[in-house]
Amino acid sequence: MKSNKQRRAEIKAHRLERADALKVQLRTQDARQLSAGGLVPGMAMADKSRLAHYNTTFGEVPDFYLDQAYTCRDCGAKEVWTAKQQKWWHEVAQGSVYSHAVRCRACRQARRALRDAALRNEGANLLGGEVTRLRALATTEKPTPDALAQVEAALQSKWRSLRVVAIEVMGQWGGPGQIERLQAFAADRGSSYGTWEREAANAAAKALARWAEKDREC
């Protein structure tokens, strides 16, 4: 019994042979002649209504797609951009009708993974910088208007952890206005665990407790 890997290799080899055969046929036949008796393997009809916006002075959009063999730009593997894949790319994903495949699936996935990792690192670095900057505000005895604005902006952040730090900073400042905000957070615990309201209430309760202890020490 053949393994999945062996079957995939056979399918790829068959597609490469078919693409090469179509390329040879096109040297002696007009592409329209290939479909005179109906669609041939390795061909897919184009839905020109989905491609109308591509019509330019450079030429009309294609009537159909044919399997295309190409060499991966990164690893050098011989691959086939099938007619069905082209149809999806141009008509569903709205990729340019003048574009063509340059990388194999494995190399595309590798590039996507590297890009996603870079974005995650960028987000983590940005969050770390925001947290450091926000915590530095807590060292002032009285908040300035700018510091209050920064805390307010942090409370609207997409990062929950940054919102929690903003609540902690409010607890460090104390003062009637800050205590009132913290009490409001502590009172609104939400209806279930895992919600932001519950997390904010817990953070506010801890901040109030620390402020009360600090007040007693004074």
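Taken one residue at a time, the phi angles of the stretch 161-170 give Karplus couplings (6.51, -1.76, 1.60, θ = phi - 60°) of 4, 6, 5, 5, 4, 4, 5, 5, 5, 4 Hz. Gly and Pro are set to x. Taking every protein chain into account, the 1.4 Å probe leaves H14 with about 100 Å² of accessible area, to the nearest ten. Counting heavy atoms of the protein chains alone, K2 has an accessible area of about 100 Å² for a 1.4 Å probe.
At full extension, Q183 and H14 could sit 53.8 nm farther apart than now, given 0.36 nm per residue minus the alpha carbon distance. For the residue pairs K2/K87; K5/K87; K12/K78; K23/K87; K5/K78; K2/K84, the C-alpha atoms sit more than 21 angstrom apart in K2/K87; K5/K87; K2/K84. Highest mean packing comes first when the peptides 147-153, 64-70, 76-82 are listed by Cβ atoms within 10 Å, giving 64-70, 76-82, 147-153. Modelled this way, with points 7 Å down the Cα-to-C-beta line, the labels at Q85 and E213 are 6.1 nm from one another.
The values are calculated or read from the model by the stated rules, or taken from the named source; none is laboratory data. All figures in this text were calculated on a predicted structure; none of them were measured in a lab. Neighbour counts run over all protein chains shown; Cβ positions are idealised from the backbone, glycine included. These area figures cover heavy atoms from the full protein model, side chains too; ligands, DNA and RNA do not enter into them. Shrake-Rupley method; radii C 1.70, N 1.55, O 1.52, S 1.80 Å.
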